[in-house]
Amino acid sequence: MPQIWNNTIAVTREELLSNGVISLGWYRKYSKELNVVRSKGFNQTALYSFRDLPLSVREKYKAVLGDPEAKQQPAPLATDPQPADLGYDIITDEKAYSHYTTKVAKELVQRYTNDASILNAWLRRYNERYATIRNCGHSTASLMTQELNYLKAHLPAISEQYPNTLPSSERRLRERINDYQKMSYDGIVSGKANNQNTRKIKGEAAEWLLARYASPVHKVTVEQLWQEYNKMAAQKEGWKILKSKSPIRHFLNEPQNRKVWTVTRLGELKAKEMMTRQHRTVMPMHRDALWYGDGTKVNYYYQYTDEKGTVQMGTAVVYEVMDAYSECFIGYAIGNSENYELQYAAFRMAVQTAAQKPYEVRYDNQGGHKKLRNQNFLTDISRLSINTKPYNGKSKTIELAFGRFQQEYLQQDWFFTGQNVTAKKEISKANMEMILANRHNLPTLKEVEEIYCLRREEWNNSRHPHSRINRSHMYSTSHNPMCEKIDTWQFVDLFWLTTDKAITYRNNGIEIQVNKQSYAFEVLTPDGAPDDDFRNYNISKKFFVKYDPMDVDTMVHLYEETVNGLRYIATAQPYIMIHRAIQDQQDGEMAFIQTREHIEREERTANLKYVEELLQKHGLHPEQHGLNMPSLKGVKTTSKKAKQPKDDYGKLLKEESMADELTDDNALTVARSYY
């Protein structure tokens, strides 16, 4: 709305611009031609005479906001007191305000802006008078003094409307104006405004102080450094003796200096942690978008008995896999050291829990990760597998989460080992008096594993610190469309191991060695009987065997090597075992033996029949050449054949086995004597 100022209807720039009466471009071009009835100053805006606006602007104003002359009547002059005579047309310097915002304290910005605005007005008046006097041919020698006295006379009134830091004496005013003309805005800023008390230390003195304090060989305190410095300052030209150690402390704590001495006094990694820019990251939006894997100590003491029978205290290692979205622990394994087997078991459990591959896996480069990576294991179970940067603990979300897990859950138990040597809270440290007094009451390793599993469940069933939702519920209800589901055969490819060499399938099955233990398998029919067809067609063939290292007893898969890689052939199950002693045999074993004997006779009879028919077909049967065909041994047949001489082959074998020394030639002689 328009205002009445000195009986004049006036409008502001903001009123004209915000209502679309004029454009910003028009204002910038014609603002100097507008009639200013009140100048812009401290906490007040400039006012422009409505009647003196261009006709087109007035007409548009009336069309948009109505006719202000018809709506308002000017108030009597007495209601608006005349402003004090400032002596100058002072215009706020907006560039000065922007400059001082970054240079001095917030409380001083407006005062220094007013200083610059007042001096700008003083210089405009001075330059106008100087030019006029020179043009008239008069001397300007006393002009500076006159103008300084003019400013002094009006400064009290100016200061009420424009609070400033200008001095009141002519000499200091002259100095301030000279500095302003030489250095612009920085020329009127007091050294104290920037808290530059450390500027007493500069040049060679500053360099020596920094080097001396940074020395890792002979470390000094600030007190000692102050004393050494003053001794040198007494002998060095240009070095100022310091009355207190405060300037040194301020100097050393300046960021650019702190970065230097921290490297040698506290270590480069500490300097990196303190000074290097840290990323602020947004956590994943879905489950399985990012998994972290990391190994650490299980923070429990347990007891074990050494070779001498003495009870000892020990700690184990756990490898955990955590979903970064929910902070849910989804896979773990406990062992004596962080190795390949521990990491394999933890990631396997995580994949089984998720029933799909994660999009990304992150891990450090320690333990067995190199072996996992070399075997493409980490690449196969995820789209991306990235090892985290070393010495950058803050970037490993799982370490931060595990720290909270230790504080909130593991420390509940009296045999807690404490978090680590850098733990500051007393609650994060072990109660060694209690532990040593109860050495024989410590849990066993198996009991520690059970307790740790219980604490994991408590963690997973507690609320996430940000979502305030149960972690396990948060994980189970999330869905990640970018992750690949895992089926049975993909699980086999990912987690089952393959023998280094092909193994022969024999008449007693196929045998593999895992951790120095033998396991025998054979291919069975769907009803659980030995698959004789598979054995007959694959006996003596070599197969690569894939087995589950965590469940070797259940089954294995047989693969044949082809030019395109391994091809699945069959699944083999544990070899059917029978008891040798009859008294040890269980129900069904004798029937199984009799069935196998019958099948064996049938196989042998059918095989011999096929051989004889094949030989006869091609004229190669022994009888076609006046010789006898050997009969099946140990098998009664009902076929009618020509009577053959008595066959004492069994007696021959017995005599051979009883002979002390029997050469090949002697054996042949003995054999011939029976025919």
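Can you tell me which of TYR575, TYR610, TYR568 is at pLDDT 90 or above, surrounded by 13 or more Cβ atoms within 10 Å (Cβ to Cβ) and not charged (D, E, K, R)? Answer to the check: TYR575. Of the residues that make up the stretch 280-292, is at least one part of a strand (DSSP E or B) and of a type outside the set (A, V, I, L, M, F, W, C)? The answer is yes, given that some residue of the stretch 280-292 is part of a strand (DSSP E or B) and of a type outside the set (A, V, I, L, M, F, W, C).
Being open to solvent by less than 70 Å² (accessible area, probe 1.4 Å), free of Cβ contacts under 8 Å to residues at least 40 places away in the same chain and either assigned to a helix (DSSP H, G or I) or farther than 30 Å from ARG212 by Cα (or both) is a property that holds for GLN312. Inclusion of TYR213 among residues that are modelled with pLDDT under 90 and over 21 Å from LEU108 (Cα atoms) is warranted.
Filtering GLN375, GLN356, GLN412, GLN343 for residues that are at pLDDT 80 or above, surrounded by fewer than 21 Cβ atoms within 10 Å (Cβ to Cβ) and within 25 Å of ASP487 (Cα to Cα) leaves a single hit, GLN356.
SER168 meets each of the listed conditions (1) at pLDDT below 90; (2) closer than 18 Å to GLN44 by Cβ; (3) open to solvent by 70 Å² or more (accessible area, probe 1.4 Å) apart from (2).
Scanning the stretch 204-224 for residues that are part of a helix (DSSP H, G or I) and of a type in the set (Val, Ile, Thr) yields one hit, VAL222. Restricting attention to the stretch 537-579, the residues that are free of Cβ contacts under 8 Å to residues at least 12 places away in the same chain and not acidic (Asp, Glu) add up to 9. Looking at GLU268, GLU228, just one residue is farther than 30 Å from ASP89 by Cα, of a type outside the set (S, T, N, Q) and at pLDDT below 85, and that residue is GLU268.
Checked against (1) farther than 30 Å from ASN460 by Cβ; (2) open to solvent by 70 Å² or more (accessible area, probe 1.4 Å), SER244 meets all criteria but (2).
Here's the yes/no breakdown for (1) open to solvent by 30 Å² or more (accessible area, probe 1.4 Å); (2) acidic (Asp, Glu); (3) out of contact with any Asp or Glu (no Cβ under 7 Å at 6 or more places or on another chain):
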position: TRP489; (1), (2), (3): yes, no, yes
position: LEU497; (1), (2), (3): yes, no, yes
position: ALA502; (1), (2), (3): yes, no, no
position: TYR505; (1), (2), (3): no, no, yes
position: PHE534; (1), (2), (3): no, no, yes
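Scanning the stretch 89-140 for residues that are without any contact (Cβ under 8 Å) to a residue 60 or more places away in the chain, in a loop (DSSP other than H, G, I, E, B) and of a type outside the set (Gly, Ala, Ser) yields ASP89, ILE91, THR92, ASP93, THR102, CYS136, HIS138, THR140. Hey, among the residues in the stretch 296-305 that are open to solvent by less than 20 Å² (accessible area, probe 1.4 Å) and of a type outside the set (S, T, N, Q), which one's farthest from GLU327 (Cα to Cα)? Filtering the stretch 296-305 for residues that are open to solvent by less than 20 Å² (accessible area, probe 1.4 Å) and of a type outside the set (S, T, N, Q), the one farthest from GLU327 (Cα to Cα) comes out as TYR300.
Does VAL492 fit the bill of being in a helix (DSSP H, G or I) and more than 30 Å from ARG404 (Cα to Cα)? Yes. Check whether at least one residue in the stretch 547-563 is open to solvent by 60 Å² or more (accessible area, probe 1.4 Å) and in a strand (DSSP E or B), and report yes or no. Among the residues of the stretch 547-563, at least one is open to solvent by 60 Å² or more (accessible area, probe 1.4 Å) and in a strand (DSSP E or B), which makes the answer yes.
The single condition from (1) among the small types (Gly, Ala, Ser); (2) farther than 23 Å from THR488 by Cβ; (3) not in a strand (DSSP E or B) that SER518 fails is (3). Within the stretch 322-336, the residues that satisfy the criterion of being hydroxyl-bearing (Ser, Thr, Tyr) and assigned to a loop (DSSP other than H, G, I, E, B) are TYR325, SER326. Being buried (at least 19 other Cβ atoms within 10 Å of the Cβ) and modelled with pLDDT of 85 or more holds for only one residue in ASP364, ASP323, and it is ASP323. Candidates are the residues of the stretch 109-154 that are open to solvent by less than 50 Å² (accessible area, probe 1.4 Å) and of a type in the set (D, E, K, R); the one that is farthest from the chain's Cα centre (by Cα) is GLU147.
Name the residues in the stretch 439-476 that are of a type in the set (S, T, N, Q), out of contact with any helix residue (DSSP H, G or I) (no Cβ under 8 Å at 6 or more places or on another chain) and open to solvent by 90 Å² or more (accessible area, probe 1.4 Å), would you? Within the stretch 439-476, just ASN441 meets the criteria.
The values are calculated or read from the model by the stated rules, or taken from the named source; none is laboratory data. Please read these numbers as outputs of a predicted model, since none were measured by experiment. Every residue, glycine as well, gets a Cβ built from its backbone with ideal geometry; the counts of neighbours run over all protein chains shown. Calculation scope for accessible area: heavy atoms of the full protein, side chains included, ligands and nucleic acids excluded. Shrake-Rupley method; radii C 1.70, N 1.55, O 1.52, S 1.80 Å.
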